[in-house]
């Protein structure tokens with residue numbers, strides 16, 4: 001009789017800290033510890049297209065791998081791919097700008113002023 005009551009109580013949806021939780025659903029979803037590393041890796045990857053591609057690109061790759069190792073597999077993998085692609089794009093953009101410095105001379109006044117200030 002007691003085991004039947006216990007089975008009925010387990011089958012009825014319960015309340016955990018005032019929140020309705022259906023049977024079979026964990027009260028708290030598991031949190032991945034690598035979420036911060038994954039987002040920092042994405043940020044470094046995005047920054048690497050403009051500023052210091054080797055530094056921010058490699059940092060994004062390392063943070064993405066750390067996120068994968070801590071359980072954030074999808075976002076960590078995206079961080080690794082974005083960091084790699086944007087690092088290569090940053091190298092290409094840097095080479096293009098160094099080969100064609102005259103792109104800063106023509107155009108709006110602000111880019112011409114930047115070019116004059118750098119000389």
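Read-outs: derived from the displayed coordinates by stated rules, not from any lab. On a predicted model such as this, the values are computed, not experimentally measured, just so you know. Using ideal geometry, Cβ is built from the backbone for each residue, glycine included, and neighbour counts are taken over all protein chains shown.
Key figures
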| quantity | calculated |
| --- | --- |
| Inter-label distance for residue 33 and residue 55, nm, one decimal - labels placed 7 Å from Cα along Cα-to-Cβ | 2.9 |
| Residue 74/residue 97 FRET efficiency (R0 30 Å; Cβ-Cβ; nearest 0.05) | 0.35 |
| Residue order, fewest to most beta carbons within 10 Å, for 56, 91 | 91, 56 |
| Ascending count of other beta-carbon atoms within 10 Å, so fewest first, for 63, 93, 42, 51 | 51, 93, 42, 63 |
